[in-house]
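S.K.: Could you have a look at this structure, given as C-alpha cells, before my questions?
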Amino acid sequence: MLKSIDRFARWWVDGLADLMVAAGRGRSAGRAIAVRAEAGASGVWTVEDGTRRGRITVGADGLTFEPADLPTRLEGAAVAVDIPEAWLFRRALEPVAAQSAPYLDAFVRHHVERVTPWRVGDTYYGVETEPLAEDPSRLSVRLGVVPRSLVAGLVEGLRRLKPRRLDLSAAGDAGRFVLTVAADADGGRVVPRRIAGTALAVLVIAAVAGVVAASWTQELTEGTAADLDRAIAERRDFLRTAMERTRPKSDPAEGLRAQRSATPPMVLLVDQLAAALPDQAHLTDLRIEKGLIRMSGVAEDVSALIPALEASPSFRSVAFYAPSTRLPSGSGDRFYIEMRIEPVRSAEAIQ
C-alpha cells in the first residue's frame, strides 16, 4: 500500500510540475535550435534558430555568443549539436532480453570501457535499441560514444543555459545517431516540484487533521451516550430499590417452602442431569442456584450436549455461557453450559 501511495504522490507532483513548466515556457517549449561546426574554423559553431542565425565561439574563458541575445534564445530550447561523423565511435553490442531494458544503462556503461580506449567518465555515450526481427523478445543494442575532449567546452557551456534538451548527433553511412547528453533533465522543474510537493503535503496534513477531528467528535459523542446510559441505569436501580422497600415483607419460612415446592428435589435434578448427558461427557464443576444450573466439564462431542439436555423435560433455555476450548491433548473439548430448571410440575410429569 505504501508503494502505491508513493507512486501516486510522485505522479501527482511530476504531473503538476510539468504543467507549471509548460505554462511558464509557453511557446518556447517546442523551439528547436541546430548547432553545427563551422567549416575551416576550430572552436566556432553556427547556430540556426529558424530564420535567425548566430555564432558560438569556444575559448579558454568559456563561450562567446553572437548576437548578444543568443543565450536567451538557447535557454529552455531543444538544442541539437551536429558533430562530424569521425568524432562518433559506434559499436553493435550483443542483443539483450527486452525485460532488461530498465537496466540497459548499467550494461552500456560496463561496455564503454571494454570496446573503447576511454574511461566512461571521459565520454558522452548513448544507446539505440530496437526489437530483433527474428526474435521480438530480444533487443539489438547499438552504442555511440563521443570523447569529452572534443566537445566538452561547447556542451558544458550550453548545459549552463539549461536547455530543455541537448543532443549530440552525427550522420554517416550507418544513418544518423542521436546521443542525448545528461544535462539538466529537470530543466526548470525543481522549483515547480517543490511547490507541487508542498501543496500535496498541505493536502495530506489537512486530510489527517480532518480524520483526527472526526475521530475526536465520534469519541465525544460516544462518551456522552455512555454517560446517559449510566445515568438511566442508576435511576432504574434507584426506582427498583424504592419499590422493593414499599413491598410488604413475607414470612421467610413461607418463601423457603414456596421455593422448595417450585423446584424438583436436588437428588432428582442430579439424576435427570446424569441421564441426559452422554456417556462420553463428564463434569468438573456443577452449581445450582435460584433455578439456574451452571456446569462445566469435558466431552468428546460438545455439539451433542445441547440437544441432549434440551430433550430432557427438566431443563429449558440450555445454552453455552462461554466458548468451548480444545484440550491440549486433543482428546476432547472443555464446555461451559447453563440452563433453567423447569418448575416442579414438569418434573412430576416425568415420574
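The values are calculated or read from the model by the stated rules, or taken from the named source; none is laboratory data. A quick note: this is a predicted structure, and the numbers were derived from the prediction, not measured. Here the Cβ is made from the backbone with ideal geometry for all residues, glycine too, and neighbour counts use every protein chain on show.
S.K.: Test each condition in (1) in a helix (DSSP H, G or I); (2) touching a residue at least 24 places away in the same chain (Cβ under 8 Å); (3) more than 48 Å from the chain's Cα centre (by Cα) for residue 306 and report the one that comes out false.
M.R.: (3)
S.K.: Something else now. Pick from 139, 143, 104, 168: which is within 36 Å of the chain's Cα centre (by Cα), part of a strand (DSSP E or B) and either free of Cβ contacts under 8 Å to residues at least 24 places away in the same chain or in the same structural domain as residue 31 (by the TED database) (or both)?
M.R.: Of the residues listed, the single one that is within 36 Å of the chain's Cα centre (by Cα), part of a strand (DSSP E or B) and either free of Cβ contacts under 8 Å to residues at least 24 places away in the same chain or in the same structural domain as residue 31 (by the TED database) (or both) is 139.
S.K.: Right, another one. If you check residue 230 against the conditions, is it over 25 Å from the mean Cα position of the chain (by Cα) and at pLDDT below 85? Even if it seems obvious, please write down each step before you answer.
M.R.: Details: over 25 Å from the mean Cα position of the chain (by Cα): yes; at pLDDT below 85: no.
No.
S.K.: Just checking, does the range 57-71 include any residue being under 15 Å from residue 169 (Cα atoms), surrounded by 14 or more Cβ atoms within 10 Å (Cβ to Cβ), of a type in the set (A, V, I, L, M, F, W, C) and modelled with pLDDT of 75 or more?
M.R.: No, that holds for no residue.
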